[in-house]
Amino acid sequence: MKKLGLVGGMSWVSTVDYYRFINEGVNARLGGLNYAECVIYSVNFSAFVSNNTAGKWDDTFRILRDACLNLEKAGAEAIVLCANTAHAVADRLEMEINLPIIHIVTATAAAIKQAGLRKVGLLGTKFTMEMDFYKDKLVSLGIEPIVPATQESRDFIQDTLRDELGKGIIREETKQRYLAIIDELIRQGAEGIILGCTEIPMILGQEDVSVPVFDTTRIHSDAAIAFALAD
């Protein structure tokens, strides 16, 4: 079994899900008392969010690079960035560290293709929805993403991810607003919905949506498990 290095804390509540999903997945495949070999480096969520909001992506890069280097020193054989937004600097990180990064967008695109879909709605932080790093990679992998059309909707998602879900706070009125935004994406032709922030699955799931949803936390965890157990 290969040792995974998890960069967490973005937020800690979703990092808990990663740890649980990866360990449950390894045990489901190997049985007995087998669980994942992994190391977690949890960064300060406040610094991560503040840098991103201020456009200080070089500072975000340095925080994540230091985390990856520490995980490498601890014996990790691959890096799992436990947040969609963190992948804004994934390409830069791969150029400076000696470990592969298990990329959340690559894994998500593969799941979408396996479902036979091409046009999907993308929900996530404002950085994931508005910057090019996520959408361009999807396009390069044959997926057409669409995001909520209005700034108000994108700001609502960003604010609730930061101030509610990132703190483990679940509100029914927030869920209903998310579902209304999803319905609008479906009307615009979305064949599926990417839950493109690792906190979103805390508030809604497949049972809430009429088209396939792609839980990036689960998908990314499964990709990490596949790497860890590959020959």
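The values are calculated or read from the model by the stated rules, or taken from the named source; none is laboratory data. Because the structure is predicted, anything quoted here is derived from the model rather than measured. Cβ placement follows ideal geometry from the backbone for every residue including glycine, while neighbour counts extend to all protein chains displayed. Keep in mind that these areas ignore ligands, DNA and RNA; they rest on the heavy atoms of the full protein, side chains included. Shrake-Rupley method; radii C 1.70, N 1.55, O 1.52, S 1.80 Å.
3J(HN,Hα) couplings calculated from phi for the stretch 209-224 with the Karplus curve 6.51 cos²θ - 1.76 cosθ + 1.60 (θ = phi - 60°) are, in sequence order, 10, 7, 10, x, 10, 10, 7, 5, 5, 5, 4, 5, 4, 4, 5, 5 Hz; Gly and Pro show x. Taking 0.36 nm per residue of separation and subtracting the current Cα-Cα distance, fully stretching the chain between Asp136 and Lys167 would add 8.2 nm. Once the chain from Ala149 to Lys113 is taken as fully extended at 0.36 nm per residue, the excess over their C-alpha distance is 10.5 nm. Per residue, the solvent-accessible area of the chain (1.4 Å probe, heavy atoms of protein chains only, all protein chains present) comes to 44 Å². Ligands, DNA and RNA left out, the 1.4 Å accessible surface of the chain is 49% carbon and sulfur atoms. Within the straight-line cut-off of under 15 Å between alpha carbons, the aspartates and glutamates reachable from Lys137 are Asp91, sequence neighbours fewer than 8 places apart in one chain being disregarded. Per the Kirkwood treatment, what hydrodynamic radius in Å, one decimal, follows for the chain from the mean inverse distance over all distinct Cα pairs? Its Kirkwood hydrodynamic radius stands at 17.8 Å.
Residues within the reach of a label modelled at Leu179 (point 7 angstrom out along Cα to beta-carbon, backbone nitrogen below 11 Å), restricted to the stretch 142-161: there are none.
Think of the chain as a dipole: +1 on every Lys or Arg Cβ, -1 on every Asp or Glu Cβ, centred on the Cα centre; then among Ile40, Val13, Ala115, Ile40 lies furthest on the positive end.
Once the Cα-Cα distance is subtracted from the 0.36 nm per residue extended length, the Asp222 to Arg187 segment shows a gain of 9.6 nm. Per residue, the chain reaches -16000 deg cm²/dmol at 222 nm when only DSSP H runs of four or more residues are counted, each adding -39500 (n - 2.57). Cross-link pairs exceeding 25 Å in C-alpha to C-alpha distance, out of Lys56/Lys135; Lys126/Lys175; Lys113/Lys175, comprise Lys113/Lys175.
Its Cα gyration tensor gives the stretch 105-231 an equivalent ellipsoid, and the semi-axes of that ellipsoid, as √(5λ) in whole Å with the largest first, are 22, 17, 14.
Near Lys119, the amide H atoms lying under 5 Å from its own belong to Glu144, Glu191; only residues 5 or more places off or on other chains count, and H is placed 1.01 Å from N. When the convex hull of its Cα atoms is viewed from all sides, the stretch 155-228 shows a mean projected area of 5.6 nm².
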